[in-house]
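Asker: Got a structure for you, written out below as structure tokens; questions coming shortly.
Where a number appears in this text, it was derived from the coordinates with a stated rule and is not lab data. Since the structure is predicted, the reported quantities are computational estimates derived from the model, not experimental observations. Positions of Cβ are backbone-derived with ideal geometry, glycine not excepted, and every protein chain shown enters the neighbour counts.
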Amino acid sequence: MADKEEKKPKYDLDKIVGDLDPDKINEKVELSHRKARNKYALKDVQAKDYNSFMKEVTTYLKHHNKEVLKADLPDHIASGRAKQILDAIYKKEGGMVGAFKDAKKGNMARVLDNLAGALENEERSHYVQHVMNQIDPQDFDGHVELVKQYVGKYGQFLPKDMKKKSNEQLAHEYESLIDHHINVVDQAKSTLKKYDPGDKKEDKKK
């Protein structure tokens, strides 16, 4: 009797793809970052000098962290973190100096948008990795099992190159498979929103 019982999969594919649904990610991660950015009142769109620029980005980063993570950051950490992020974003323009020049031209709001976007992307990446961390990276048999579940449910959405591969081959790139799934769902939802007619209030008036 026990032999006839269906063996429960080690990894729950439905839970994994559910946790990685774009709407779920938006609810748990992205929304709070956008709200934090919208709450911040910028006093001047143009940085007058480097010191006022540094004060603005430091103050903003402290605000953003407080709104999203409910924690206070010391000035030195906020300042250092802001420089680290802006150095990466404005790498081609000279890093932090490039960000300052942008703000000096009257684009301080854009600099803060870039900061907020980077913080959002960073947490999104951490969230996705957190979900993926439930899968043991050394468990190849588990990866094959997970791929079998995926192909059984979503095989038709795989690109041609992936369709040609065996479950064992796909198991070596299971993270790419899940990344592909997130992108497919995201694109499908974006398309649906684009063509959503809404509540047709105008029709009701007629």
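Asker: How far apart, in nm, are the 7 Å Cα→Cβ label points at SER125 and TYR11?
Answerer: 2.1
Asker: What ranking do 72-83, 94-105 get when scored by the average of other Cβ atoms within 10 Å per residue, highest first?
Answerer: In descending order of packing, they fall as 94-105, 72-83.
Asker: Would you calculate a helix-derived [θ] at 222 nm for the chain, using -39,500 (n - 2.57) for each DSSP H run of n ≥ 4 and dividing by the full residue count, to the nearest 500?
Answerer: -20500 deg cm²/dmol
Asker: For the stretch 130-147, take each phi angle, set θ = phi - 60°, evaluate the Karplus expression 6.51 cos²θ - 1.76 cosθ + 1.60, and give the result in whole Hz per residue in order, putting x for glycine and proline.
Answerer: Taking θ as phi minus 60°, the curve returns 4, 5, 6, 5, 6, 9, 5, x, 9, 8, 5, 4, x, 5, 4, 4, 5, 4 Hz for the stretch 130-147.
Asker: Assuming a ≥ b ≥ c are the square roots of the Cα gyration tensor eigenvalues, decide whether the stretch 44-152 counts as rounded (a/c under 1.5), prolate (otherwise, with a/b larger than b/c) or oblate.
Answerer: prolate
Asker: Can you tell me the length gained on complete extension of the stretch ASP87 to ALA188, counting 0.36 nm per residue apart and subtracting the Cα distance?
Answerer: 32.9 nm
Asker: In whole angstrom, how far apart do the alpha carbon centroids of the stretch 89-137 and the stretch 150-188 sit?
Answerer: That distance is 28 Å.
Asker: Quick one: dipole size for the stretch 63-142, taken about the Cα centre, charges +1 on Lys/Arg Cβ and -1 on Asp/Glu Cβ, in debye to the nearest 20.
Answerer: Dipole magnitude for the stretch 63-142 comes out near 700 debye.
Asker: Which value, in Å³ per residue, describes the convex hull spanned by the Cα atoms of the stretch 136-194?
Answerer: It comes to 80 Å³ per residue, whole-number rounded.
Asker: Moving on to the next point. Kirkwood hydrodynamic radius (Cα pairs, Å) of the chain?
Answerer: One decimal place: 20.6 Å for the Kirkwood radius.
Asker: Extension gain MET54-GLU173, at 0.36 nm per residue separation less the Cα-Cα distance, in nm?
Answerer: Computed gain between MET54 and GLU173 is 38.6 nm.
Asker: Restricting to Cα pairs below 8 Å that are 6+ residues apart, what does the relative contact order work out to for the stretch 136-194? Please round to a whole percent.
Answerer: Relative contact order, the stretch 136-194: 38 percent.
Asker: Would you mind ranking HIS181, HIS64 so that the residue whose beta carbon has the fewest other beta carbons within 10 Å leads the list?
Answerer: In order of increasing Cβ crowding within 10 Å: HIS181, HIS64.
Asker: Now for a different question. If contacts are Cα pairs under 8 angstrom and at least 6 residues apart, what is the relative contact order of the chain in percent?
Answerer: 26
Asker: Expressed in nm to one decimal, what extension gain is obtained for the pair LYS160 and LYS105 from 0.36 nm per residue of sequence separation less their Cα-Cα distance?
Answerer: Gain in length upon complete extension: 15.0 nm.
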